[in-house]
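Some notes on the structure that comes next.
The values are calculated or read from the model by the stated rules, or taken from the named source; none is laboratory data. Values in this document were obtained by computation on a predicted structure and should not be read as measured data. All Cβ positions, even for glycine, are placed from backbone atoms using ideal geometry, and neighbour counts span all protein chains on display.
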Amino acid sequence: MNLDSKNSISQLLSSVREITKENKFLDLIKKNIIVLILIFLLVLGTLTSGTFLSLYNLQNIAINVSIFGILAIGQTLVLLTKQIDLSVGANMAFSLIAAIKITQILMSQFGVNIIQEANYVNSGMLTIIVFTIVVSNLIGLLNGIITVKAKVPPLITTLGMLYALRGFAYVLSKGHPLYFTYLQGFNWLGTKILFNVPVCFLFYLVIGIVGILILKYTKIGTKIYATGGNEKAAIYSGINSDLWRIIVYGVSGFCAGFATLIYSSRLESVEVAQATGYEFISVAIVVIGGTTLEGGRGRLFGTFLAAIILGVVINIITLMGLIVWYQNIIIGIIIISAVFAYIKGIRVKKRT
Amino acid sequence: MNNEPLLKLVEISKTFPGVKALREVDFSVNYGEVVSVVGQNGAGKSTLVNIIGGIYTPDNGNIFINGQKVRISNPGIAEKLGIGMVHQEPTLVPMMTVSANLFLNKEHLKNIFFLNFEKMKEESNKILDVLGFNINPETLVENLSLVERGVVETAKAMLLNPRILIFDEVTATLGISEVERLFKLIQELKSKGIAIIFISHRLQETIQISDRIVVLRDGKKVGEFNRKDKVSLKGIINLMIGEKVEERKERAKEIYIYDEPILTVKNLSKIGYFKDINFNLYKGEILGFAGLKGAGITELLKTLYGTLIKDFGDVYLKNKKVIIQKPRDAIKNGIGMITNDRQKEGLALIRSIEENITISSLDYLTNMFNFLKPNILRRSAERYISTLDIKTTSLKQEALYLSGGNQQKVVLAKLLLRGLDVIIVDEPTKGIDVKTKVVMHNLLIELKEKGKGIIVASPEIPELLSICDRILIVASGRIVKEVKRSTNLFNESNILETMYS
């Protein structure tokens, strides 16, 4: 380990520690194997390449992790209620594109044209950001309403959305990508570094911590776990399971909106095909983190770490010089082995 | 306190698709009173208490609490009205702790947002102590035994400080000492002025503990007994079964029974379901199994067929020991079964009748290259369609479109084509009209005459009485009595008495 890398990692860690020192977060780390895996990977990373521990590389990992991680947080809630959301990737593309379209129409009432040279967005940033979150949320709620009220199986509802939203996105944008190069300040979310830590990662941290606190320590959390664990028991206890099943979809939608803002802020562009496949990565992360598909079982903390693990794994593979498809092989193996290990774990527990 | 009873139901009716579950039932219970509701399966007991508990809403009739009309449209409202219910099957979240389940949706809070786990754990310990059970509140419910889950369920209902507590068939899985503890608890609650509504199949105990017994039959209230009246088990049972108007054709065909046992079962046990089952099935005999739901009969039969696996014991076919671990083994050894869910477990509904009949015999119906011979398949199917008189337009029709009775015939044909020695039938005429019932019974008797050994399980005692040569009564997983046709104990009243005591 050379001096440069040592400095970078301690810089990053001390920054993280400074920000999180008030939280019990550090206590939890003590008893989790998933953390050991993470550490193992970090060691593996440093052995693989000298640049692994460079500040730049770690920050890169952090930015990618924040995008997938935020999606996975929403997905965790949905899976905990025994449902699934396959529309998040499409929601990411659609919500931003729709927001831009809405802003364009709104602003043109005031005679302002937000789009120049057919592809460059040059104003209306705040409105676009607000509407992205609003639209992504609404899509999420729509998923929830269709699944719960019309009783369409979650897989089917969100699968249909997956296709429909991409189609809509194409129609709205006429297939052209849009660029934010001239939109002042838009790239803040995806590129700004604060105390050596990317701000988007800080947001991930905050969302993660808030999520963990709510899920584990409040009545809201119990309601969600009960709805997924045994809906009948939840209903008999007076919990409005329908409501909570819809709310978790709303949260998943919110996460998609937030994630797309980070993504597009970083790349300074948005296009119809962006975030393709992200829904599957989010499910993979949730599942690797220990949440099962049966509903009612899982921890947000596991998801939180699993996102980091996945980010590190992908990074190591890239540094090794292997092409992207190797990532898929490894991720596939990890998903199956992780779930196998968890199921074995639960079976052993049940016998004692 | 006015003269109105604590809870009063007036002319409550409830219909489910195709079934009139309750018909203008009046019911009341007072402070500190223990009222039991008894009746056969399907009489309407669970429906009645589910209406009180807010799980169903009545189609007609009114409910009054202390003279005030109320509408109990969901369990939450029932709770608010002080009605607590301990369900037949524990309704708990398996992956959450006992403590979390006890306080589900009623959690103690530390400040506005955060749960107070300590306090909930403390109170959980307290209430579990009161019930006399040593259960760690931090255990996950999925790691508890069935009995412990029932205790948690009861504790949960009691935490609400209800003024009316309903026990819906909770004693089905309890042992003697646990039932004693439960009854002691009920006495304590009674002395505190809590009204108890109790549903149980153990009539002896019910008589012991109740102030009043209400008897339901086919959705109607047919009788009510007070503690002061001399209540006899026979009296209650007679009310439960009522007058039988139909004539039963007795079939005394014992002469066809051979001395050789076709099937011998020794010490067969499956932990949690049945224990030490010993019996012989003779060639040419129809052996009946009678018992309440949960007695273990279906599980016993499924173990003989291989869909469940035994823990101890042996099964002998024609005096040769056989190991049956899956239905394939059973069939290879000559044992066939028609389960009580013919649509899910006996037929491939979207396939044709021909396919359904021939599916278990395919290895016999191939030519030397192992290809299926369509002519043979067709003729085999046709043979049974005519012998069993299966009403269908063609053998290519999908099984889905047949009536219940004809579907049952198809399943039977499947077994017959295979040429099995032992045929097990669980609820042979479930959901089948009266006329076809008789046809089914005649078919089974014909098989008996041909020398097959037949085991029949049915909740309808008259059915067993009309076709069986012998009936074994099963309770709590054990064979408690054997009744032979030749004896004068071979009647409904007697059998029910054994089943319910």
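For the range B:29-53, filtered to residues that are touching a helix residue (DSSP H, G or I) at 6+ places or on another chain (Cβ under 8 Å) and either closer than 16 Å to B:PRO162 by Cβ or within 14 Å of chain A (Cβ to nearest Cβ) (or both), the residue that is surrounded by the fewest Cβ atoms within 10 Å (Cβ to Cβ) is B:GLY32.
Filtered by the rule that a residue be crowded, with 21+ Cβ neighbours inside 10 Å and either of a type in the set (A, V, I, L, M) or within 11 Å of another protein chain (Cβ to nearest Cβ) (or both), the range A:257-274 gives A:ALA259, A:LEU261, A:ILE262, A:VAL270, A:VAL272.
Look at B:ASN136 and say whether it is out of contact with any Ser or Thr (no Cβ under 7 Å at 6 or more places or on another chain) and either farther than 16 Å from B:LEU159 by Cα or not aliphatic (A, V, I, L, M) (or both). So B:ASN136 fits the description; yes. Among residues belonging to the range B:76-85 that are in a strand (DSSP E or B) and surrounded by 24 or more Cβ atoms within 10 Å (Cβ to Cβ), point out the one that is nearest to the chain's Cα centre (by Cα). The extreme case among them is B:MET85. Of the candidates B:LEU489, B:LEU443, the single residue that is touching a residue at least 24 places away in the same chain (Cβ under 8 Å), farther than 15 Å from B:LEU281 by Cβ and over 22 Å from the mean Cα position of the chain (by Cα) is B:LEU443. Of the helices (runs of 4 or more DSSP H) lying entirely inside the range A:166-256, those containing at least 1 residues that are within 14 Å of another protein chain (Cβ to nearest Cβ) and either over 22 Å from the mean Cα position of the chain (by Cα) or at pLDDT 95 or above (or both) span A:199-217, A:219-229, A:231-236. For B:LYS320, the test of being assigned by TED's automatic domain parsing to the domain that holds B:LYS275, under 30 Å from B:ILE432 (Cα atoms), of a type in the set (Lys, Arg) and modelled with pLDDT of 85 or more is failed.
Take the range B:352-406 and flag every residue that is surrounded by 18 or more Cβ atoms within 10 Å (Cβ to Cβ), closer than 22 Å to B:THR429 by Cα and of a type in the set (Val, Ile, Thr). Listed by number, the residues that qualify are B:ILE353, B:ILE357, B:ILE385, B:ILE390, B:THR392. No other residue among B:LYS448, B:LYS452, B:LYS481 is under 21 Å from B:MET240 (Cβ atoms) and of a type in the set (Lys, Arg) apart from B:LYS481. Of the residues that make up the range A:277-289, is at least one touching a residue at least 24 places away in the same chain (Cβ under 8 Å) and over 19 Å from A:LEU71 (Cβ atoms)? The answer is no; no qualifying residue exists. Each residue in the range B:284-317 was checked for being farther than 23 Å from B:LEU203 by Cβ, crowded, with 20+ Cβ neighbours inside 10 Å and not β-branched (Val, Ile, Thr), and 11 of them qualify. Quick one: count up the residues across the range B:354-392 that are part of a loop (DSSP other than H, G, I, E, B) and either under 36 Å from the mean Cα position of the chain (by Cα) or not assigned by TED's automatic domain parsing to the domain that holds B:LEU420 (or both). So the count comes out to 5.
For the range A:292-321, a residue qualifies if it is hydroxyl-bearing (Ser, Thr, Tyr) and assigned to a loop (DSSP other than H, G, I, E, B), and exactly one does: A:THR292. Residues in the range B:134-146: is at least one touching a helix residue (DSSP H, G or I) at 6+ places or on another chain (Cβ under 8 Å), closer than 26 Å to A:LYS216 by Cβ, within 14 Å of chain A (Cβ to nearest Cβ) and of a type in the set (Asp, Glu)? Yes - at least one qualifying residue is present in the range B:134-146. Considering the range B:153-194, the residues that are among the aliphatic types (A, V, I, L, M), within 19 Å of B:ASN50 (Cβ to Cβ) and out of contact with any helix residue (DSSP H, G or I) (no Cβ under 9 Å at 6 or more places or on another chain) include one that is surrounded by the fewest Cβ atoms within 10 Å (Cβ to Cβ), namely B:ALA172.
Rundown of residues vs (1) among the aliphatic types (A, V, I, L, M); (2) farther than 30 Å from A:SER173 by Cα, yes/no style:
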| residue | (1), (2) |
| --- | --- |
| A:TYR236 | no, yes |
| A:TYR263 | no, no |
| A:VAL270 | yes, no |
| A:ALA306 | yes, yes |
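When residues in the range B:22-56 are screened for being assigned to a loop (DSSP other than H, G, I, E, B) and in contact (Cβ under 8 Å) with a residue 40 or more places away in the chain, 12 of them pass. Can you tell me how many residues in the range B:54-75 are surrounded by fewer than 22 Cβ atoms within 10 Å (Cβ to Cβ), more than 11 Å from every other protein chain (Cβ to nearest Cβ) and among the aliphatic types (A, V, I, L, M)? Qualifying residue count, the range B:54-75: 3.
With respect to the conditions (1) under 28 Å from A:GLU294 (Cβ atoms); (2) among the charged types (D, E, K, R); (3) crowded, with 16+ Cβ neighbours inside 10 Å; (4) touching a helix residue (DSSP H, G or I) at 6+ places or on another chain (Cβ under 7 Å), B:GLU205 falls short on a single one, namely (1). Number of residues in the range B:76-126 that are more than 22 Å from A:GLY298 (Cβ to Cβ), among the charged types (D, E, K, R), within 11 Å of chain A (Cβ to nearest Cβ) and in contact (Cβ under 8 Å) with a residue 12 or more places away in the chain equals 2.
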